[in-house]
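What follows is a short report on a single structure.
The values are calculated or read from the model by the stated rules, or taken from the named source; none is laboratory data. Source: prediction; values computed, not measured. Here the Cβ is made from the backbone with ideal geometry for all residues, glycine too, and neighbour counts use every protein chain on show. Remember, those area values only see protein heavy atoms, side chains included, never the ligands or the DNA or RNA. Shrake-Rupley method; radii C 1.70, N 1.55, O 1.52, S 1.80 Å.
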Amino acid sequence: MFPIGCAFVSLGFNAADGHPQGLSTPVGYMVKVKGWSLPRPRSTGPPFQTKSSVVAVMEQVGVLLELDGANVFRVRAYQNASRALASMEEDLLSVVQDGRLVEVKGIGKGISGLVTEAVMEGTWGDLPQLYAKIPPGLIEIVGIPGLGPKRARVMYEELGVDSVESLKIACEMGHVAPLSGFGEKSQQKYLEGIELLRRYQGRSRMDVGLMFGRALEARVAAIPGVSRAQLAGSARRRRETIGDLDIVVAAEPADHEAVVKAILSLPGIAEVKGSGESKVSLILEQDMLSGADTSGSIDAKLAESMMERSGDATIDAQVRIVPPATFPFTLAYFTGSKEHNIRMRQLAIDRGLRLNEFGLFSEKEAGDAIGMEAAKYTLECADEKDIYRHLGLDWVPPEMREDTGEIEAAQSSSLPNLIQPEQIRGALHNHTVASDGVNTLEEMAAAAQELGWEYLGIADHSEILNIGGRQIGIPADGIPVQAEMIRALNESWADSGDDFRIFHGSECDILVDGGLDYPDKTRQSMSHIVGSVHALGSWRNRDEIENTEALIRAIENPTFTILGHPTGRILQGREGFPVDMHAVLRRMGELNSEGELKAVEINASPYRLDLDWRLCNYAKQQGVPVCINPDAHGTEGLADVWYGVQIARKGWLEAADVLNTKTGSEMEDLLGL
Ligand code: DGT
Ligand code: CA
Ligand code: ZN
């Protein structure tokens, strides 16, 4: 279970993070901004609607009602219901069937009836009218970071703003600032938000893209006549966001027509944008996911939470169907990147060869033949390795194909031996109920052991962190209490001979001046300090130099161990604060060479993936260990470490470059325990 509402908690979408208004819009919805629709019923049931659909709908209704100007109590009733259901541990269907829904705190009689109808029949009462009533443009507007439904409504009523386009014009003409309660600053902020939204429009986060990609891959591979089906493009290269899916399919030419027909009749196709004998262009929707074997090589739990998180997203997919002998060339070509392909093609030209999606030919022999006509002249390549070999290269892992030096490394046989997910033995930044997590120490530890880990680092939030005045962090005097609980647990594992321990750390706020939260003594009592910036507002209003200095000051503190989510970015949500990360990493490198342990985090939450992959290799060159942390706020979150490993691979990292590939006892030594 991954309630969408939890996104607030785990993402820190809150006032403390300098994200005052965006509360009503879970990030997931920003993937597709074309208005909302109610989830269709599942084909079998009950339940005809899942808990995550109900949670999402309740949340959307809150936003829609607010946009509609409904009274605040009605709005709040839906918001509360969404939250109550999101945190409800029990199975929704049994609660509904037992008639116990009204007993759940936060759910009134009216909403209980509605949820019951959704679960038992799949329909949504009179909600379709509400969904139809609100202009999609207004929904698109509340996807702008920092702009909530209340203000969207004011601008709609006062200025007739009913789309992002019209909002942009209103801002540019200076019509928004004079509205009561808005001002120049808001107007400027909306323009920046629109820019951000545009930049990411139509792209999906890696987790959502891969979920659809694997589902399509599995469904196509099962079609009779298909000998291979493989994901290519940015999904195969593990980019942090994915524009569209590319999938390459091998089948004998005689079967192409039937294969195309079978693809077009797969479930979960929202629209066919184009279809020929070798190419199909599709828009995929939710039904693509249900029932497909999407687990592949990944953990089943991870697959489950991927599924929950994909919400109501859709994604475009291009399917190319080629004869089996052509498959490796087509796969390599559509894996890209474009920049990598250009280098490859040049290497071919240097050898008097021509490389494209149909083959690798001698210019002389292929002559004027083009496309599949030329394919019969190609050098034979059983797989991608052969193509690289013909060009004098070692095979380059897809993650590295970005033309950032991989061609040279492949020429000199010095490609790194990339880290594998199985090499992770623990993680150092995770939360429990003591701050804003949803599971206890014991539950988190049990889940970590189930993953085969040797250690779990707990790093709950520090004292200063509050959300809207509510304290989230552990007060200094609560630390000894947590320490005692951890000591007792560690003792019991030691007694029973289990190679498992909890490291007692803290996700300690880095203050604006570069100080760290908590008294020195408190920090010194802990095994490790993950230092993180959360008061993002102040950091974003400051220049790069001041931020860099403050960050370095924090890192130089002797108790500081790991730099948590270094820039604070949320993919597709908000940019991080300005900072010279190269300078920060250089300073960290110096400290490491002086014998201190200062690691940088790859925050593995698919919403963050921060440190960016483009900086990983630099960290490695500076001698800064990278720690891949799931930043889990619940047991399911631990498996997110997988995404962090993908990013580390993309950043050229080997197991030895990653701190949490160390064994439990090595880690004890490193942390000085
Ligand atoms: P995306 O979809 O924006 O996340 O990124 P990609 O990398 O999947 O790009 P896409 O879908 O436009 O094309 C898939 C691959 O096809 C791309 O990575 C490389 C190859 N490709 C596409 N257009 C060109 C081109 O004009 N020249 C070359 N050399 N390769 C191309
Ligand atoms: Ca693509
Ligand atoms: Zn944090």
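Some values worked out for this structure:
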read-out	value
Gly268 vs. criteria within 14 Å of ligand 1 (Cβ to nearest atom), on the phi > 0 side of the Ramachandran plot and open to solvent by less than 60 Å² (accessible area, probe 1.4 Å)	no
Subset of segment 103-130 [part of a helix (DSSP H, G or I) and open to solvent by 70 Å² or more (accessible area, probe 1.4 Å)]	Glu103, Lys109, Glu121, Gln129
Subset of segment 185-211 (residues that are within 15 Å of ligand 1 (Cβ to nearest atom) and more than 14 Å from the chain's Cα centre (by Cα))	Arg198, Arg199, Gln201, Gly202
Top-ranked residue in segment 427-468 [being in a helix (DSSP H, G or I) and open to solvent by 10 Å² or more (accessible area, probe 1.4 Å); ranked as farthest from Asp499 (Cα to Cα)]	Glu443
From Val248, Val259, residue being touching a Lys or Arg at 6+ places or on another chain (Cβ under 6 Å), away from ligand 3 (no atom under 16 Å from the Cβ) and either in the same structural domain as Ile647 (by TED's automatic domain parsing) or open to solvent by less than 20 Å² (accessible area, probe 1.4 Å) (or both)	Val248
Any hit, segment 269-277, residues being among the hydroxyl-bearing types (Ser, Thr, Tyr), part of a loop (DSSP other than H, G, I, E, B) and more than 16 Å from ligand 3 (Cβ to nearest atom)	no
Within segment 338-353, considering residues that are under 23 Å from Met400 (Cα atoms) and open to solvent by less than 70 Å² (accessible area, probe 1.4 Å), the one nearest to the chain's Cα centre (by Cα)	His340
Boolean, Leu245 is touching a residue at least 60 places away in the same chain (Cβ under 8 Å), closer than 18 Å to Arg569 by Cα and either within 15 Å of ligand 2 (Cβ to nearest atom) or out of contact with any Phe, Trp or Tyr (no Cβ under 7 Å at 6 or more places or on another chain) (or both)	no
Exclusive hit being away from ligand 2 (no atom under 16 Å from the Cβ) and either closer than 30 Å to Met400 by Cα or open to solvent by less than 10 Å² (accessible area, probe 1.4 Å) (or both), set Arg214, Arg153, Arg228, Arg238	Arg228
Matching residues in segment 248-265 - criterion: being free of Cβ contacts under 8 Å to residues at least 24 places away in the same chain and either within 12 Å of ligand 2 (Cβ to nearest atom) or of a type outside the set (Lys, Arg) (or both)	Ala254, Glu257, Leu264, Ser265
Condition met for Ser186 (more than 30 Å from Arg320 (Cα to Cα) and open to solvent by less than 60 Å² (accessible area, probe 1.4 Å))	yes
Residue within segment 391-400 that is open to solvent by 30 Å² or more (accessible area, probe 1.4 Å) and aliphatic (A, V, I, L, M) present	no
Single residue of segment 495-508 satisfying the filter (free of Cβ contacts under 8 Å to residues at least 60 places away in the same chain and touching a strand residue (DSSP E or B) at 6+ places or on another chain (Cβ under 8 Å)) that is farthest from ligand 3 (Cβ to nearest atom)	His504
Within segment 65-102, considering residues that are under 32 Å from the mean Cα position of the chain (by Cα) and in a loop (DSSP other than H, G, I, E, B), the one nearest to Glu157 (Cα to Cα)	Asp68
Residue match in segment 217-233 (condition: in the same structural domain as Lys279 (by TED's automatic domain parsing) and under 18 Å from the mean Cα position of the chain (by Cα))	yes
Segment 160-175: number of residues that are surrounded by fewer than 17 Cβ atoms within 10 Å (Cβ to Cβ) and either among the aliphatic types (A, V, I, L, M) or touching a residue at least 60 places away in the same chain (Cβ under 8 Å) (or both)	2
Residue list for segment 377-390, restricted to those being among the charged types (D, E, K, R), in contact (Cβ under 8 Å) with a residue 40 or more places away in the chain and either open to solvent by less than 60 Å² (accessible area, probe 1.4 Å) or not in a loop (DSSP other than H, G, I, E, B) (or both)	Glu384, Asp386
Unique residue being surrounded by 14 or more Cβ atoms within 10 Å (Cβ to Cβ), within 16 Å of ligand 2 (Cβ to nearest atom) and part of a loop (DSSP other than H, G, I, E, B) when the list is Ala369, Ala332, Ala317, Ala313	Ala313
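Quick grid of which residues meet (1) out of contact with any Leu (no Cβ under 6 Å at 6 or more places or on another chain); (2) among the β-branched types (Val, Ile, Thr); (3) under 30 Å from Ser605 (Cβ atoms):
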{"site": "Gln129", "(1), (2), (3)": "yes, no, no"}
{"site": "Met155", "(1), (2), (3)": "yes, no, no"}
{"site": "Ile169", "(1), (2), (3)": "yes, yes, no"}
{"site": "Ala177", "(1), (2), (3)": "yes, no, no"}
{"site": "Gln187", "(1), (2), (3)": "yes, no, no"}
{"site": "Leu197", "(1), (2), (3)": "yes, no, yes"}
{"site": "Phe212", "(1), (2), (3)": "no, no, yes"}
{"site": "Ala229", "(1), (2), (3)": "yes, no, yes"}
